[in-house]
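Structure first, then comments.
The values are calculated or read from the model by the stated rules, or taken from the named source; none is laboratory data. What you see is a predicted model; the values in this text were computed from it and never measured. So basically every Cβ, Gly included, is an ideal-geometry build from the backbone, and we count neighbours across all protein chains shown.
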Amino acid sequence: MPKPEILDPQGQAVTRALTRIGIDGVADVRQGKHFELEVDDSLDDETLHRIAGDLLANPVIEDWTVRRV
Amino acid sequence: MRIGVITFPGTLDDADAARAARRAGADAVALWHGDHDLRGVDAVVVPGGFSYGDYLRAGAIASQAPIMREVVEAARRGLPVLGICNGFQILCEAGLLPGALVRNAGLHFICRDQTLRVESASTVWTGGFTTGQEIVVPLKSGEGRYVADAATLAELEGEGRVVFRYVGGAPNGATADIAGVASADGRIVGLMPHPEHAIDPLTGPTTDGLGLFTSVLGAVAAA
């Protein structure tokens, strides 16, 4: 997800579009990315965080979370 | 002097960058993204375009390409590197320059001739300009809004590493109107506008962009 201090004009455009389809009450939209990885059970959490921080996200502008499902 | 110009899948401006290097009096050397070989060049230009289709993030995949491993290593030893537009995004993603480039504040792709102020003439790519000089070169990008955290911005401003600023306000919403920045040693420069498109009055708005290429020639010759 873009960090809170990073202006997200795409999210703002989505917010405006929501009012156009008649939905009120959505104060803000932030747009991010979602990746689904199929990994070996041997991959530890540290490696998953390295994947997220070194490639999938840019830590300069984005925060991320890793979730096993 | 030999200036290398990298071509990635999706690069658009390698031909113009090579032409600018030749116009400045250098030999232009084609470098291929998949090679681990800088072919003995004295400087490298990472040109604009949409490397790898801007997949993941603009510049993210290219920053991991084999040739970029060589560029990062050589740059840390002082090889002059210039990143233009997508090349600037690639240098930021590779960690050679601080900050990041994100979607233009107005969401529109911007294509126009843009006035810039040269804020630092003490990099190897701007030594031929004078500080405060205004130049006009094309700007053409959709993700050109420069951002960095407050500490990074203070460091850049404090060390005189903001190299180019948009005159009349940043059309893309870039922080502090920043159009281009340099590394601490002044040998790596990245900017969103395109100096390589402004080297010939027949094909560009001015010949102002040629100054970056002649500057690096002078810097390398003097070394």
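Scanning segment B:94-111 for residues that are within 25 Å of residue B:72 (Cα to Cα) and either at the interface with chain A (Cβ under 7 Å from one of its Cβ atoms) or modelled with pLDDT under 95 (or both) returns B:99, B:100, B:102. Considering B:180, B:204, B:160, B:190, the condition of being in contact (Cβ under 8 Å) with a residue 12 or more places away in the chain and over 19 Å from residue B:141 (Cβ atoms) is satisfied by B:160 alone.
Applying the condition of being within 14 Å of chain A (Cβ to nearest Cβ), in a loop (DSSP other than H, G, I, E, B) and among the hydrophobic types (A, V, I, L, M, F, W, C) to segment B:55-88 and asking which residue is nearest to the chain's Cα centre (by Cα) yields B:58.
Scan segment B:112-148 for residues that are surrounded by fewer than 17 Cβ atoms within 10 Å (Cβ to Cβ), of a type in the set (Asp, Glu) and either within 14 Å of another protein chain (Cβ to nearest Cβ) or within 26 Å of residue B:11 (Cβ to Cβ) (or both) and jot them down. If the condition is that a residue be surrounded by fewer than 17 Cβ atoms within 10 Å (Cβ to Cβ), of a type in the set (Asp, Glu) and either within 14 Å of another protein chain (Cβ to nearest Cβ) or within 26 Å of residue B:11 (Cβ to Cβ) (or both), then B:113 is the only one that fits. Flag: residue A:51 does not match the condition of being not hydroxyl-bearing (Ser, Thr, Tyr) and not assigned by TED's automatic domain parsing to the domain that holds residue A:68. Could you pull out the residue among B:184, B:170, B:176 that is touching a helix residue (DSSP H, G or I) at 6+ places or on another chain (Cβ under 7 Å), under 21 Å from residue B:150 (Cβ atoms), among the aliphatic types (A, V, I, L, M) and surrounded by fewer than 17 Cβ atoms within 10 Å (Cβ to Cβ)? It is B:176. From the list A:61, A:21, the lone residue that is under 30 Å from residue B:65 (Cα atoms) and of a type in the set (Val, Ile, Thr) is A:61. Scanning segment B:192-217 for residues being among the acidic types (Asp, Glu) and surrounded by fewer than 24 Cβ atoms within 10 Å (Cβ to Cβ) gives a total of 2. Would you mention how many residues in segment A:3-39 are in contact (Cβ under 8 Å) with a residue 24 or more places away in the chain and touching a strand residue (DSSP E or B) at 6+ places or on another chain (Cβ under 7 Å)? Number of matching residues: 4.
One residue is enough: does segment B:127-145 have a residue meeting the conditions under 15 Å from the mean Cα position of the chain (by Cα) and of a type in the set (Phe, Trp, Tyr)? Within segment B:127-145 (the criterion being under 15 Å from the mean Cα position of the chain (by Cα) and of a type in the set (Phe, Trp, Tyr)), the answer is no, since none of the residues qualifies. Checking each residue in segment B:119-128 for being among the hydrophobic types (A, V, I, L, M, F, W, C) and closer than 14 Å to residue B:82 by Cβ picks out B:124, B:125. Between B:39, B:57, B:22, which is in contact (Cβ under 8 Å) with a residue 12 or more places away in the chain, surrounded by fewer than 21 Cβ atoms within 10 Å (Cβ to Cβ) and basic (Lys, Arg)? Testing whether each residue is in contact (Cβ under 8 Å) with a residue 12 or more places away in the chain, surrounded by fewer than 21 Cβ atoms within 10 Å (Cβ to Cβ) and basic (Lys, Arg) leaves just B:39. Scan segment B:44-52 and tell me whether some residue there is in a helix (DSSP H, G or I) and away from chain A (no Cβ under 14 Å). Yes, the conditions are met somewhere in segment B:44-52.
For segment B:155-166, does any single residue satisfy the condition of being within 19 Å of residue B:47 (Cα to Cα) and either in a strand (DSSP E or B) or over 15 Å from the mean Cα position of the chain (by Cα) (or both)? Yes, there is a match, as at least one residue in segment B:155-166 is within 19 Å of residue B:47 (Cα to Cα) and either in a strand (DSSP E or B) or over 15 Å from the mean Cα position of the chain (by Cα) (or both). Would you confirm whether any residue within segment B:194-209 is within 14 Å of another protein chain (Cβ to nearest Cβ), closer than 22 Å to residue B:16 by Cα and in contact with a helix residue (DSSP H, G or I) (Cβ under 7 Å, 6 or more places away or on another chain)? Checked segment B:194-209: no residue is within 14 Å of another protein chain (Cβ to nearest Cβ), closer than 22 Å to residue B:16 by Cα and in contact with a helix residue (DSSP H, G or I) (Cβ under 7 Å, 6 or more places away or on another chain). Among the residues of segment A:9-60, the ones that are away from chain B (no Cβ under 14 Å), modelled with pLDDT under 95 and surrounded by 15 or more Cβ atoms within 10 Å (Cβ to Cβ) come to 0 in all.
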